[in-house]
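Here is the structure we will look at.
The values are calculated or read from the model by the stated rules, or taken from the named source; none is laboratory data. Predicted, not measured: the structure shown is a model, and the values here were computed from it. Positions of Cβ are backbone-derived with ideal geometry, glycine not excepted, and every protein chain shown enters the neighbour counts.
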Amino acid sequence: MSSARYRPATHASVPPQRVGDVDVRPLRVPDAYEFRASRYVDERGSFCAPYQAAAVTEVLGYPLRLAQANQSVSRRGTIRGVHLADTPPGQAKYVYCSRGALLDVVVDARVGSARFGTHDAVLLTPTNGRSVYVAEGLGHAFVALEDDTVLTYLCSTAYDPAHERAVNPLDPALRLPWPADIVPVLSDKDAAAPSLAEAYSAGWLPRLADCHARYRALRGG
């Protein structure tokens, strides 16, 4: 099935900022961004640079430290997330689709944020040039829209299971935009994850003040 039908209407009123070879647009969730790199096509095929450090550094005000690169392969309908890490230090992610198609979702899970519990979504494919930056403290999830969809994650910290957290992606209060024509496929861990309200009550969600302190520290301030 074509992914063309999945066109989330995100941040349509915010004009993109051109940074080098990349168009950058803030998402509705603060501290998350869509990066859209130029794609060059000729008789040989195409070329695109999904991650460009200079553009990311200019937008964030500091370089994204890369500690680990992850790659997942997912069948159609697979939902991974909503995942986040204890902050500090947290884990920032820069994600793009290398094959197939997916709907990438960012959730503001930071206690104290005026946007707490809100989300935004971006359609990622290998041909649209889009990538998403997810700051420390934000929740991240995606659904594969085609079989053998590949998502590549560039992460600021290494995987640390002792500090990894999950919120149930099917929490009805979140109203995440999972397509109605798919049967969700979840890991046992994600299916058993608490709702956002339960996570809030348990006291382990990141605090906005701690996240902002982390961002300031990364900027050297």
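A few comments on the model shown:
- The listed residue being buried (at least 17 other Cβ atoms within 10 Å of the Cβ) and either without any contact (Cβ under 8 Å) to a residue 24 or more places away in the chain or within 22 Å of GLU34 (Cα to Cα) (or both), out of ARG165, ARG214, ARG175, ARG219: ARG214
- Looking only at the range 125-137, residues that are in a strand (DSSP E or B) and within 24 Å of GLU198 (Cβ to Cβ) come to 1 in all.
- Some residue of the range 180-191 being at pLDDT 95 or above, buried (at least 20 other Cβ atoms within 10 Å of the Cβ) and either in contact with a helix residue (DSSP H, G or I) (Cβ under 8 Å, 6 or more places away or on another chain) or not in a loop (DSSP other than H, G, I, E, B) (or both): yes
- Search result, residues across the range 192-207 that are in a helix (DSSP H, G or I) and more than 26 Å from LEU103 (Cβ to Cβ): SER201, ALA202
- Residues (of a type in the set (Phe, Trp, Tyr) and surrounded by fewer than 23 Cβ atoms within 10 Å (Cβ to Cβ)) located in the range 66-123: TYR94, PHE116
- Pairs where the first residue, in the range 111-133, is of a type in the set (A, V, I, L, M) and the second is part of a loop (DSSP other than H, G, I, E, B) and buried (at least 20 other Cβ atoms within 10 Å of the Cβ), C-beta under 6 Å, 6+ apart: VAL111/LEU205
- Checking the stated criteria, TYR96 turns out not to satisfy the condition of being hydroxyl-bearing (Ser, Thr, Tyr), in contact with a helix residue (DSSP H, G or I) (Cβ under 9 Å, 6 or more places away or on another chain) and touching a residue at least 40 places away in the same chain (Cβ under 8 Å).
- Residues (within 18 Å of ARG214 (Cβ to Cβ), of a type in the set (Ser, Thr, Tyr) and in a strand (DSSP E or B)) located in the range 73-102: TYR94
- So TYR62, is it surrounded by 19 or more Cβ atoms within 10 Å (Cβ to Cβ) and either in contact with a helix residue (DSSP H, G or I) (Cβ under 7 Å, 6 or more places away or on another chain) or without any contact (Cβ under 8 Å) to a residue 12 or more places away in the chain (or both): no
- Sole residue being assigned to a strand (DSSP E or B) and closer than 12 Å to LEU138 by Cα, chosen from VAL122, VAL106: VAL106
- Candidate set from the range 28-72 (those that are in a loop (DSSP other than H, G, I, E, B) and under 16 Å from the mean Cα position of the chain (by Cα)); member that is farthest from HIS119 (Cα to Cα): LEU66
- Selection from the range 109-119 of residues that are in a loop (DSSP other than H, G, I, E, B) and within 16 Å of TRP204 (Cα to Cα): ALA109, ARG110, GLY112, SER113, PHE116, GLY117
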